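Heads up: the structure comes next, in structure tokens.
The values are calculated or read from the model by the stated rules, or taken from the named source; none is laboratory data. No experiment lies behind these values; they were computed from the predicted model shown. Cβ sites come from the backbone with ideal geometry, for glycine too, and all protein chains shown count toward neighbours. Side chains are part of the model used for accessible areas, which takes the heavy atoms of the whole protein and leaves out ligands, DNA and RNA. Shrake-Rupley method; radii C 1.70, N 1.55, O 1.52, S 1.80 Å.
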Amino acid sequence: MLILLPPSEGKADAGTGRRWAPDRHSLPELNPARERVLDALVALSADPDQEAARAALGLSEGQRGELRRNARLREAATAPAERLYTGVLYEALDLASLPVGAQRAARRAILISSGLWGAVRLTDRIPPYRCPIGARLPDVGALSAYWRRELTPAVDAAAGRGPVLDLRSGAYAATWTPRGELAERTVTVRVLHEREVDGVPVRSVVSHFNKATKGRLVRDLLVAGARPRTAAELVGTLRELKHTVLEQVTAPGRVRQVDVVVTDL
């Protein structure tokens with residue numbers, strides 16, 4: 001099983017080890033594309049025209065320090081991605097507290113989308129950075145379109161022959177779209193909050209708690225030692241783990257879409 005996760009804006013403040021080394025990175029076929037984005041991001045962040053750089057990266061006036069950090073990415077200390085990302089999803093996943101076997105399974109199964117790196121494994125050592133997928137960089141262009149061209153062969157290969165649980169959202173989901181038979185093995189999740197309004201159950205899409213729920217889904221699968229061989233088995237496993245899962249009707253050759261309904265946030 002391959003599990004695709006989004007990155008988080010929240011990251012550790014600093015790395016603790018050696019500089020980024022492309023020869024130690026997973027999915028090495030992406031390294032030339034990573035180098036181009038890294039060069040463009042460093043150059044943009046070091047440009048004296050800080051207003052243009054902030055606009056390109058969607059930074060506020062109070063986030064100028066992110067530009068200074070980006071400008072030093074080549075020399076910055078790194079940390080494993082599993083310790084770098086600290087947002088809501090990763091707090092709910094709480095990898096450090098998982099049993100050892102579940103941690104090993106996570107490191108094999110999880111692939112994290114990134115505007116800078118394309119995709120990383122939990123064990124990949126990367127420096128703290130700020131590079132949203134919505135950014136447009138000089139000589140690279142819109143990152144969503146850039147990675148859409150680069151990622152397909154690498155992620156297709158990483159998917160292997162098993163199911164794919166795609167928990168990415170927004171522009172990150174657009175950077176890789178499975179086709180044909182691989183699409184039929186891919187499951188996407190929408191989180192709905194159910195509550196009663198005047199005695200009638202009402203369901204609505206949630207945002208912040210969407211991430212926490214997805215983190216808990218992954219945690220439950222890992223703790224259970226789940227090894228589904230098909231998308232149908234993956235959906236069935238989520239139900240066995242006491243999640244309320246409603247499957248939408250999809251045409252052959254299309255991604256399987258499910259809603260996970262929660263009552264407590």
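One residue is enough: does region 188-199 have a residue meeting the conditions free of Cβ contacts under 8 Å to residues at least 60 places away in the same chain, touching a strand residue (DSSP E or B) at 6+ places or on another chain (Cβ under 9 Å) and assigned to a helix (DSSP H, G or I)?
As a first pass, look at region 188-199 and keep what is free of Cβ contacts under 8 Å to residues at least 60 places away in the same chain: 196-199.
Those still in the list that are touching a strand residue (DSSP E or B) at 6+ places or on another chain (Cβ under 9 Å) too: 196.
If we keep only those that are assigned to a helix (DSSP H, G or I) as well, we get none.
No, region 188-199 contains no residue that is free of Cβ contacts under 8 Å to residues at least 60 places away in the same chain, touching a strand residue (DSSP E or B) at 6+ places or on another chain (Cβ under 9 Å) and assigned to a helix (DSSP H, G or I).
I'd like to check something: does region 118-138 contain any residue that is out of contact with any Gly (no Cβ under 9 Å at 6 or more places or on another chain), without any contact (Cβ under 8 Å) to a residue 12 or more places away in the chain and either over 17 Å from D39 (Cα atoms) or surrounded by fewer than 19 Cβ atoms within 10 Å (Cβ to Cβ) (or both)?
no
What are the residues in region 1-29 that are open to solvent by 40 Å² or more (accessible area, probe 1.4 Å), of a type outside the set (G, A, S) and assigned to a loop (DSSP other than H, G, I, E, B), if any? Working first, answer last.
Our first condition is that a residue be open to solvent by 40 Å² or more (accessible area, probe 1.4 Å); within region 1-29, this holds for 1, 9, 13-14, 16, 18-19, 23-24, 28-29.
Then keep just the ones that are of a type outside the set (G, A, S); that gives 1, 9, 13, 16, 18-19, 23-24, 28-29.
M1, E9, D13, T16, R18, R19, listed by residue number.
Which of the residues that make up region 50-73 are charged (D, E, K, R), open to solvent by less than 80 Å² (accessible area, probe 1.4 Å) and outside any helix (DSSP H, G or I)? Steps first, please.
Here is the first cut: in region 50-73, the ones charged (D, E, K, R) are 51, 54, 61, 64, 66, 68-69, 72.
Still in the list and also open to solvent by less than 80 Å² (accessible area, probe 1.4 Å): 54, 64, 66, 69.
Listed by number, the list is empty, since nothing qualifies.
From the set of residues in region 214-256 that are at pLDDT below 95 and of a type in the set (S, T, N, Q), which is nearest to T177 (Cα to Cα)?
Result: T250.
Looking at region 1-18, I want the residues that are within 19 Å of G115 (Cα to Cα) and have a partner that is part of a strand (DSSP E or B) and open to solvent by 20 Å² or more (accessible area, probe 1.4 Å) with Cβ atoms under 9 Å, at least 6 apart or on another chain. Which pairs are those?
Between residues of region 1-18 that are within 19 Å of G115 (Cα to Cα) and residues that are part of a strand (DSSP E or B) and open to solvent by 20 Å² or more (accessible area, probe 1.4 Å), the close pairs are G15/R125.
Of the conditions (1) at positive phi; (2) touching a strand residue (DSSP E or B) at 6+ places or on another chain (Cβ under 9 Å); (3) not hydroxyl-bearing (S, T, Y), A231 clears all except one; give me its number.
Result: A231 passes all but (1).
Suppose we keep only residues that are in contact with a Leu (Cβ under 7 Å, 6 or more places away or on another chain) and open to solvent by 90 Å² or more (accessible area, probe 1.4 Å) within region 195-220. Which one would you say is nearest to P6 (Cα to Cα)?
Within region 195-220, the match that is nearest to P6 (Cα to Cα) is K211.
Which residues, counting only those in region 178-187, are in a helix (DSSP H, G or I) and charged (D, E, K, R)? Reasoning before the result, please.
As a first pass, look at region 178-187 and keep what is in a helix (DSSP H, G or I): 180-184.
Of everything in region 178-187, those that are in a helix (DSSP H, G or I) and charged (D, E, K, R) turn out to be E181, E184.
State yes or no: is L38 touching a residue at least 60 places away in the same chain (Cβ under 8 Å) and surrounded by 15 or more Cβ atoms within 10 Å (Cβ to Cβ)?
On the way: touching a residue at least 60 places away in the same chain (Cβ under 8 Å): yes; surrounded by 15 or more Cβ atoms within 10 Å (Cβ to Cβ): yes.
Criteria met by L38.
One residue is enough: does region 152-164 have a residue meeting the conditions within 11 Å of the chain's Cα centre (by Cα) and exposed (fewer than 15 other Cβ atoms within 10 Å of the Cβ)? Full working, then the answer.
Residues of region 152-164 that are within 11 Å of the chain's Cα centre (by Cα), as a first pass: none.
No - not one qualifying residue is present in region 152-164.
Kindly evaluate G180 against the criterion of being in contact (Cβ under 8 Å) with a residue 24 or more places away in the chain and either among the β-branched types (V, I, T) or open to solvent by less than 30 Å² (accessible area, probe 1.4 Å) (or both). Working first, answer last.
Working: in contact (Cβ under 8 Å) with a residue 24 or more places away in the chain: yes; either among the β-branched types (V, I, T) or open to solvent by less than 30 Å² (accessible area, probe 1.4 Å) (or both): no.
No; evaluated as a whole, the condition is false for this residue.
Please enumerate the residues belonging to region 19-35 that are on the phi < 0 side of the Ramachandran plot and either touching a residue at least 60 places away in the same chain (Cβ under 8 Å) or polar (S, T, N, Q) (or both). Explain how you work it out, then say what you get.
Filtering region 19-35 down to residues on the phi < 0 side of the Ramachandran plot leaves 19-26, 28-35.
Selection gives R19, W20, A21, R24, H25, S26, E29, L30, N31, A33, R34.
If you go through region 221-265, how many residues are open to solvent by 40 Å² or more (accessible area, probe 1.4 Å) and either part of a strand (DSSP E or B) or small (G, A, S) (or both)?
Looking only at that region, the number is 9.
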